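Visitor: Could you have a look at this structure, given as structure tokens, before my questions?
Any read-out appearing in this document is the output of simple, stated calculations on the displayed coordinates, not a laboratory observation. Treat the numbers as computed from the prediction; the structure is a model and nothing was measured. Here Cβ is always computed from backbone atoms with ideal geometry, including for glycine, and neighbour counts include all displayed protein chains.
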2 protein chains.
Amino acid sequence: MTSLAEENYLKAIYKLYEKNGAMVSTSALAETLQINAASVTDFIKKMAAKKLISYQKSKGVSLTEQGRLIALNIIRKHRLWEVWLVNNLGFKWDEVHEIAEQLEHVISDELIENLDKHLGYPKADPHGDLIPDAKGRFIKNSSKPLLECTKGDKVKFTGVAEHSNSFLQYLTKSNISLGDEIVVEVIEEYDNSFQVKINKKERKLLSKEVVKNLLVVVM
Amino acid sequence: MTSLAEENYLKAIYKLYEKNGAMVSTSALAETLQINAASVTDFIKKMAAKKLISYQKSKGVSLTEQGRLIALNIIRKHRLWEVWLVNNLGFKWDEVHEIAEQLEHVISDELIENLDKHLGYPKADPHGDLIPDAKGRFIKNSSKPLLECTKGDKVKFTGVAEHSNSFLQYLTKSNISLGDEIVVEVIEEYDNSFQVKINKKERKLLSKEVVKNLLVVVM
DNA sequence: AAATAAAATTAGGTAAGCCTAATTGTGTAT
DNA sequence: ATACACAATTAGGCTTACCTAATTTTATTT
Ligand SMILES: [Mn+2]
Ligand SMILES: [Mn+2]
Ligand SMILES: [Mn+2]
Ligand SMILES: [Mn+2]
């Protein structure tokens, strides 16, 4: 029913809307999908005709309820596949995104329900991103950037705000993994760098750029 | 490099060639792919230009070595995914083909090697079809239709010559599974039906249509 | 050898999803 | 209010993978 291209547009619109909290512009979509803006205009007109999005000429698009549910289903599939790739197939967290981009488009509700069951109904993917249920509902958690913490806070590392391979690999190299306990020991006022203790053992210095992208929940 | 359509054509050509042992006709391809013969002619000309197949006008096509390797790789992926769907996700053997038809087109050599490892390097899929290795090599076994056996033969059920859901479901309903031991007790000359004993326990009557499609190896 | 049937090809289209180049709209600076 | 910059749209094209209808080739029958 929905084509590969439509699924990718819906997912991109969903994510851009989440990030910016406003109607999604043609140019933003063109940028993230790596497609010419003229082609995007064309395409979103057809999607609007199918009631997948609502489109206000020259102003941007947003998802209809129908479009939102499809987007969430693709995101659900993407994240479940990522869990499988890391937990069962031995991939590293920086190696799974491209493969999940393909797997997310495989169509079979039973497949996804069986996969979900097989994985033990995970709540989050290997990057800490929450996995919506089959009806598109999230169990929201209270994570925030480590940057917003203050001295003495004891937190748990639950996700990343930046998904680039270079950031993921930096964390791997630095021996920082999802689930780690982080205690904020010193915050350097000058550059916002944090001195932290990881899992009660290792002491580490983290730059502002890093603490901005580490998502944590207070313990 | 090779498109979805090309992969499906290559696989269909491979299977038709295996079955008939001769050049594959335009009409046979059109029939299996459910595509108009004129479209097939069009498409095979382009594939021949890419050296995926060799094409003799009005006579038919056959795979080049390059095309054969791609076809075998798709078949390898299809069968590995089927093993996973049955062994790990709890699907029945008559429920996996359509899903594997989609999964076989996911592109990632590492994914397939990791999947193969995860599954314990299976030699055959849930229907007993052999799984080629990454270089397209099979470990051929000596299976033959049960129909070719004679009275007193003790054999092992290793595969099916017919993959229709109705046949697979008939076997499931009749409690006949891959790996079962079958002893031929009586062959009725008149209609070629077989009276057999399954796993030293159950006695069954199998029609010619059935014994023709049960592949076995002599024990 | 001629007629007929069946298979394959050619010719001319279509829809999906993209492109470039040209034009129009919108918001900001003067 | 006018000019300028940038964003968005329109117009016209292209490629892939299909289609139908018409024609040609091949195989079979008389
Ligand atoms: Mn991802
Ligand atoms: Mn992820
Ligand atoms: Mn199959
Ligand atoms: Mn199979």
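Visitor: What is segment B:66-153's relative contact order, in percent, from Cα pairs under 8 angstrom and six or more apart in sequence?
Guide: 36 percent
Visitor: Return, for the Cα atoms of segment A:144-218, the radius of gyration and Dmax in Å, separated by a comma.
Guide: Calculated on Cα positions, Rg and Dmax stand at 11.0, 30 Å.
Visitor: Using the beta-carbon distance between A:Leu69 and B:Lys204 and R0 = 51 Å, what value does 1/(1 + (r/R0)^6) give for FRET efficiency, to the nearest 0.05?
Guide: The formula returns an efficiency of 0.55 here.
Visitor: Could you pull out every residue, at least 5 positions away or on a different chain, whose amide H is within less than 5 Å of the one on B:Ser193? Hs are placed 1.01 Å off N in the peptide plane, and Pro or chain starts have none.
Guide: B:Glu188, B:Lys208
Visitor: Pop the C-beta distance of B:Lys46 and A:Lys156 into the FRET formula with R0 = 56 Å and round what comes out to the nearest 0.05. Please list the in-between numbers first.
Guide: Details: r = 56 Å, r/R0 = 1.00.
Between B:Lys46 and A:Lys156 the formula returns 0.50.
Visitor: Using a Gaussian network for chain B with springs between C-alpha atoms less than 10 Å apart, which of these wobbles most: B:Tyr14, B:Tyr55, B:Tyr170?
Guide: Result: B:Tyr170 has the largest fluctuation of those listed.
Visitor: While we're here: So the label point sits 7 Å from Cα along the Cα-to-Cβ vector; using that for B:Leu119, what distances do you get to the other copies, in nanometres, sorted shortest first?
Guide: 2.0
Visitor: Let me ask something else about it. Can you work out the FRET efficiency for the pair B:Val186 and B:Tyr121, with r the C-beta to C-beta distance and R0 = 56 Å, to the nearest 0.05?
Guide: For R0 = 56 Å, the calculated efficiency reads 0.90.
Visitor: With Kirkwood's inverse mean 1/r over C-alpha pairs for Rh, give me the Rg to Rh ratio of the protein assembly as shown, two decimals please.
Guide: 1.07
Visitor: Please identify every one of the GluC sites (Glu not before Pro) in segment B:148-218 that sits in a loop by DSSP and has no more than 16 other beta carbons within 10 Å of its own beta carbon.
Guide: B:Glu162, B:Glu189
Visitor: Which distance in Å, rounded to a whole number, links the C-alpha centroids of segment A:142-186 and segment B:142-203?
Guide: Their Cα centres are 60 Å away from one another.
Visitor: Let me ask another. Evaluate peptide B:73-85: per residue, the Cβ atoms of other protein chains within 10 Å of its Cβ; return the mean as an integer.
Guide: 1
Visitor: Residues of B:136-149, mean number of Cβ from any other protein chain within 10 Å of their own Cβ, rounded to a whole number?
Guide: Taking all residues of B:136-149 together, the mean is 0.
Visitor: Output ³J(HN,Hα) for segment B:36-49: one whole-Hz value per residue in order, computed from phi by the Karplus curve 6.51 cos²θ - 1.76 cosθ + 1.60 with θ = phi - 60°, and x for Gly and Pro.
Guide: 4, 4, 5, 5, 5, 3, 3, 5, 5, 5, 5, 5, 5, 4
Visitor: Count, for each residue of A:107-116, the Cβ atoms from other chains sitting within 10 Å of its Cβ, then give me the mean as a whole number. Present the calculation step by step, with values, prior to reporting the outcome.
Guide: Working: counts 3, 8, 0, 6, 9, 0, 1, 7, 3, 0.
Taking all residues of A:107-116 together, the mean is 4.
Visitor: Could you order the peptides A:96-107, B:27-38 from most to least packed, using the average number of other C-beta atoms within 10 Å per residue?
Guide: Highest mean packing first, the order is A:96-107, B:27-38.
Visitor: Also, quick follow-up: Find every distance from the label point of B:Ala49 to the corresponding label point in the other copies (7 Å from Cα along Cα→Cβ) and write them in nm, one decimal, shortest first.
Guide: 3.0
Visitor: If the label for A:Ala134 sits 7 angstrom from Cα along the Cα-to-Cβ line, what are its distances to the same label in every other copy, in nm to one decimal, shortest first?
Guide: 3.7
Visitor: Then there's this: If the cut-off is a Cα-Cα distance under 17 Å, which aspartates and glutamates reach B:Lys19, setting aside same-chain residues fewer than 8 apart in sequence?
Guide: B:Glu31, B:Asp129, B:Glu162
Visitor: While we're looking at this one, here's another question. Averaging the inverse of every distinct alpha carbon separation and then flipping it gives the Kirkwood radius. What is it for segment A:1-110, in angstrom units?
Guide: On the way: mean 1/r = 0.0685 Å⁻¹.
Roughly 14.6 Å, rounded to one decimal.
Visitor: For chain B, what is one quarter of the convex hull surface built on the Cα atoms, given in nm²?
Guide: With the hull built on Cα positions only, its mean projection is 13.4 nm².
Visitor: Rounded to the nearest 500, what is the protein assembly as shown's calculated 222 nm mean residue ellipticity when only DSSP H runs of at least 4 contribute -39500 (n - 2.57) each, over all residues?
Guide: Working: 16 runs with 186 residues, N = 438.
Mean residue ellipticity, 222 nm, calculated: -13000 deg cm²/dmol.
Visitor: Once you have a ≥ b ≥ c as the square roots of the Cα gyration tensor eigenvalues for segment B:4-63, tell me rounded if a/c is under 1.5, and otherwise prolate or oblate according to whether a/b is larger than b/c.
Guide: It is rounded, given that a/c, with a ≥ b ≥ c, falls under 1.5.
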